[in-house]
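Have a look at the structure below before the remarks.
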There are 2 protein chains.
Amino acid sequence: MEKQIDRRKLVTLLGGFAGVGAAATLVAHADQTATAKAPSAALQNLPWPYKPLDPNAAAQRGFEGYYKAECMYGTFEAIVGPVAEQLGSPYKDFPFLMFKYGGGGIKGWATICGTLNGAAAAIQLLSPNPDPLVNALFEWYEREQLPDVHPKGAKFPEIRSVANSPLCHQSIASWTKVSQKHAYSPERAERCGALAGSVAKQTVILLNEQAAGKPIAFALPQATQGCMSCHEKGGAVENIRAKMNCGGCHAPMLGKHPSKS
Amino acid sequence: MEKQIDRRKLVTLLGGFAGVGAAATLVAHADQTATAKAPSAALQNLPWPYKPLDPNAAAQRGFEGYYKAECMYGTFEAIVGPVAEQLGSPYKDFPFLMFKYGGGGIKGWATICGTLNGAAAAIQLLSPNPDPLVNALFEWYEREQLPDVHPKGAKFPEIRSVANSPLCHQSIASWTKVSQKHAYSPERAERCGALAGSVAKQTVILLNEQAAGKPIAFALPQATQGCMSCHEKGGAVENIRAKMNCGGCHAPMLGKHPSKS
């Protein structure tokens, strides 16, 4: 670790030693050797400066990151890592490994898919208007056949499935049904690594589109809109705030569900 | 913002100006004026140094933070904010507002409760062994009558409910049933603010217990264990990796569920 010295205190100190003019010259020279070192306070200025990234590179990086510290880390690092590397310190010193916590829907609790949790964090950090991007990404994740990338280094055949939900256990259960593989199989682990790649890629596509001024489309599926017409804001029940697909979990209830009329 | 100058380059530079001995003396003096300034790379050393915090102060701070940037931010900042303030830069320059993304189960998608998402991130950042703390916290959240704090500044009567789930929409739906208030009411907002306080407080209690060397107890409820005996690792189905309560969403399915025998 390199020690850092406060510039203002140094000018005062050197002024006493060598005269103010010489001290200022010296410090100006030293400054030029340290122009890449921004103060750590820059981290708090959101969004961080973003320039368009390569979506396919993000896909590969997300896959590889998954094997380092799981799905949330893999996705977040694949998006924010290249930005931080471009910007240098203090950005590159962000504690990326914090996002290991989101693995398996947060420490194996199977709640939010870690790839979406990581992507949403990255979007908040990098976008001047994050909400439309998160909405578009989550809706895409629910309905797409995923993973839609087959990264370099993958050992097993590509098998895709539709999650019908942003939740980890729904996503994995759908995939095990299609693949006939178990949840703790190496095939399932590789699928979640590829999913980190897919979600990182789609997030980069959305960030690039927004940076280029393109409109970001988003609409809830019709079935979800039907549920929300009673359960969301202004509905007869209004007992939740939600956008996620209801049918993924609650479809078996629908027979017993009261009619709207 | 104060500019920082690289120490090693400065010694070389001053060596040419005033002789190596004088330069070393000067820089040693300057070092003493800058001992509190760690380089930003310190952020990556996990866990960050943790000293026990006051759980009740965390509860109040979580409540107040909720009104600044919602539930995930409120909870994370209530735990990590005081640690960062104790440690100074670069810790205090962490981009706390990134965690606004988790509000309403991530941008209103109603997935993972933002208080748990924020607490899990904080635990990963501050604990040398985060998994037992996250497990204990999530299991506590599912079964407790919450929020169990009534912060200073709260305007409405305290109403508690049991979430039976770590998910946002389950937690809110349970509370609206007990309270007979709507999901978009100011009472529900205040309840989620108090919940940020409750979860921050409980997380600090757990972090303090671990720091004191106390064992952290955790066991899945018997009903969840029953489901997992087929659906989790080594079970006949093994189609998920999960610890969350199944009955919160899937109870209506149980009548149609195949018998284990």
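The values are calculated or read from the model by the stated rules, or taken from the named source; none is laboratory data. Everything numeric in this text was worked out from a predicted model, so none of it was measured. As a convention, Cβ positions derive from the backbone with ideal geometry for all residues, glycine included, and neighbour counts pool all protein chains shown. SASA here: full protein model, heavy atoms, side chains in, ligands and nucleic acids out. Shrake-Rupley method; radii C 1.70, N 1.55, O 1.52, S 1.80 Å.
Here is a yes/no grid of residues against (1) modelled with pLDDT of 95 or more; (2) in contact with an Asp or Glu (Cβ under 6 Å, 6 or more places away or on another chain); (3) under 28 Å from B:Gly213 (Cα atoms); (4) part of a helix (DSSP H, G or I):
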| residue | (1), (2), (3), (4) |
| --- | --- |
| B:Arg8 | no, no, no, yes |
| B:Thr12 | no, no, no, yes |
| B:Phe17 | no, no, no, yes |
| B:Ala34 | no, yes, no, no |
| B:Gly62 | yes, no, yes, yes |
| B:Ala69 | yes, no, no, yes |
| B:Gln86 | yes, no, yes, yes |
From A:Ala183, A:Ala223, A:Ala236, A:Ala212, residue being open to solvent by less than 30 Å² (accessible area, probe 1.4 Å) and of a type in the set (A, V, I, L, M, F, W, C): A:Ala183
Matching residues, the stretch A:88-115, being of a type in the set (Val, Ile, Thr) and assigned to a loop (DSSP other than H, G, I, E, B): A:Ile106, A:Thr111
Residues of the stretch B:115-132 satisfying the condition of being over 17 Å from A:Gly105 (Cβ atoms) and either more than 9 Å from every other protein chain (Cβ to nearest Cβ) or small (Gly, Ala, Ser) (or both): B:Ala122, B:Leu126, B:Ser127, B:Pro128, B:Asn129, B:Pro132
Qualifying residue in the stretch A:145-157 (condition: in a loop (DSSP other than H, G, I, E, B), touching a residue at least 24 places away in the same chain (Cβ under 8 Å) and open to solvent by less than 10 Å² (accessible area, probe 1.4 Å)): yes
The stretch B:79-92 - residue that is within 11 Å of another protein chain (Cβ to nearest Cβ) and open to solvent by 10 Å² or more (accessible area, probe 1.4 Å) and, of those, farthest from A:Leu43 (Cα to Cα): B:Gly88
Residue count for the stretch A:126-144, restricted to those that are crowded, with 19+ Cβ neighbours inside 10 Å and assigned to a loop (DSSP other than H, G, I, E, B): 1
Which listed residue is buried (at least 22 other Cβ atoms within 10 Å of the Cβ), within 30 Å of B:Leu53 (Cα to Cα) and either free of Cβ contacts under 8 Å to residues at least 60 places away in the same chain or hydrophobic (A, V, I, L, M, F, W, C) (or both), from B:Val199, B:Val162: B:Val199
